[in-house]
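The block underneath contains the structure these notes are about, expressed in structure tokens.
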Amino acid sequence: MPSIAIVGASADRSKFGNKAVRAYAARGFTVYPVHPTADAIEGLPAYASLGAVPRPIDMVSFYVPAAIGITLLDAVRESAAGQFWLNPGSESDALVERAKALGLRPIVACSIVAVGESPYQY
């Protein structure tokens, strides 16, 4: 199955970063929650940074503010992920421009919906 790193994963079940972890796990993906201080999220080991996630990573999905996300773009490029999602609230013009300058092709859309789930069912 494909793998996905959820950057901004949360233990709070009301947050979209948590809903994404659950939605992708329900679809059978290998899910890598990324959170700087969490040990585990939804029973899965959490990673302090994108660089700490085991390789390969097929997808990266951001659930962090754009000001934080823009600082993580080099790590996304180094991950060699085939897809890079900027979910609502995580995007900005500056982040998208910088991502493209680094050779990334950000997808600005809800990655939960893209996998065929509704974030509101979680």
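Of note:
- Matching residues, the range 9-58, being of a type in the set (D, E, K, R) and either in contact (Cβ under 8 Å) with a residue 60 or more places away in the chain or at positive phi (or both): Arg13, Lys19, Arg22, Arg27, Glu42
- In the range 26-44, of all residues being exposed (fewer than 14 other Cβ atoms within 10 Å of the Cβ) and of a type outside the set (A, V, I, L, M, F, W, C), the one that is farthest from Ser3 (Cα to Cα) corresponds to Thr37.
- Only one of Ile6, Ile70 that is surrounded by fewer than 23 Cβ atoms within 10 Å (Cβ to Cβ), touching a helix residue (DSSP H, G or I) at 6+ places or on another chain (Cβ under 6 Å) and without any contact (Cβ under 8 Å) to a residue 60 or more places away in the chain: Ile70
- Under the condition of being part of a loop (DSSP other than H, G, I, E, B) and more than 18 Å from Ser3 (Cβ to Cβ), the residues counted in the range 109-122 number 4.
- Residues that are more than 14 Å from the chain's Cα centre (by Cα) and either at pLDDT below 95 or at negative phi (or both), drawn from the range 98-115: Arg98, Ala99, Lys100, Ala101, Leu102, Leu104, Arg105
- Scanning the range 82-122 for residues that are of a type in the set (Gly, Ala, Ser), in contact (Cβ under 8 Å) with a residue 12 or more places away in the chain, farther than 15 Å from Ala66 by Cβ and in contact with a helix residue (DSSP H, G or I) (Cβ under 9 Å, 6 or more places away or on another chain) yields a count of 3.
- Matching option when the condition is closer than 20 Å to His35 by Cβ and not aromatic (Phe, Trp, Tyr), among Ala66, Ala109, Ala99: Ala66
- Residues in the range 87-122 that are under 20 Å from Phe29 (Cβ atoms), surrounded by fewer than 18 Cβ atoms within 10 Å (Cβ to Cβ) and of a type in the set (Gly, Ala, Ser): Ala109, Ala114, Gly116, Ser118.
- The criterion of at least 3 residues that are closer than 17 Å to Ala109 by Cα, at pLDDT 95 or above and of a type outside the set (S, T, N, Q) is met by the following strands (runs of 3 or more DSSP E) wholly inside the range 1-97: 3-7, 59-62, 83-86.
- Residues within the range 98-108 that are out of contact with any strand residue (DSSP E or B) (no Cβ under 7 Å at 6 or more places or on another chain), of a type in the set (A, V, I, L, M) and either assigned to a helix (DSSP H, G or I) or under 20 Å from Lys15 (Cα atoms) (or both), tallied: 1
- Taken over the range 1-48, the criterion of being of a type in the set (S, T, N, Q) and farther than 22 Å from Leu72 by Cα is satisfied by Ser14 alone.
The values are calculated or read from the model by the stated rules, or taken from the named source; none is laboratory data. The structure displayed is predicted, hence computed values, not measured ones. Every residue, glycine among them, receives a Cβ derived from its backbone with ideal geometry; neighbour counts consider all protein chains shown.
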